[in-house]
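The values are calculated or read from the model by the stated rules, or taken from the named source; none is laboratory data. Here the structure is a predicted model, which is why all the values come from computation and not from measurement. Every residue, glycine among them, receives a Cβ derived from its backbone with ideal geometry; neighbour counts consider all protein chains shown.
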Amino acid sequence: MSNAQAIRAAVLTVSDRCAAGTAVDASGPAVQAFVREQLSGEVVNAALLPDEPDRIEHLLRGWCRIDEGGCGIDLVLVTGGTGLGPRDRTPEAAMRVIERPHPGLMELARIRSMESSRDRTGIADPRSFLSRAVAGATGVTLIVTLPGSPRGATETLHAIADILPHAIRMLRGDQSPGAHRR
């Protein structure tokens with residue numbers, strides 16, 4: 001994407017410990033750096049919340065609105081709360097906001113993450129399938145939830161980075177020749 005069409009992203013870290021100040025958020029900054037360095041995008045909003053679904057939902061709804069100037073956020077990345085822990089409720093909060101689920105995007109992420117984790121014996125690590133991450137669109141915004149560790153979040157993003165610009169162009173309604181070519 002050209003600079004005029006740079007991806008406008010927002011990054012939300014969901015963590016009880018980071019929100020309480022008992023841990024330092026490393027995932028949010030790692031995801032923000034990925035957006036800037038790997039997607040040539042612009043991070044226009046960032047936040048940190050505890051694992052509280054109502055607060056997560058409220059923030060996501062706000063980020064998915066188009067402002068008065070007609071600009072909106074293209075991509076919302078949420079890191080944390082996608083595991084099996086008792087307070088991990090990010091997928092449920094995101095699904096309250098997502099209008100059009102896109103399970104295939106996270107299936108691709110899990111498969112590619114597993115394949116890239118082969119050890120010296122050639123065995124792939126299936127732990128990527130423990131992530132309950134979800135993705136989907138609300139209006140013209142793509143929401144993607146990610147694992148809470150910096151490594152898990154960036155590996156998941158890396159697994160789908162090649163397709164994200166195309167997804168954003170489609171959500172923007174890009175009708176230029178070749179925009180939808182596979």
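Of note, Gly21 satisfies the criterion of being surrounded by fewer than 19 Cβ atoms within 10 Å (Cβ to Cβ) and either under 15 Å from the mean Cα position of the chain (by Cα) or over 20 Å from Thr154 (Cα atoms) (or both).
On inspection, Ala46 does not qualify as among the small types (Gly, Ala, Ser) and assigned to a helix (DSSP H, G or I). Filtered by the rule that a residue be at pLDDT 90 or above and either within 17 Å of Cys64 (Cβ to Cβ) or polar (S, T, N, Q) (or both), the stretch 93-123 gives Ala93, Ala94, Met95, Arg96, Val97, Ile98, Glu99, Arg100, Pro101, His102, Leu105.
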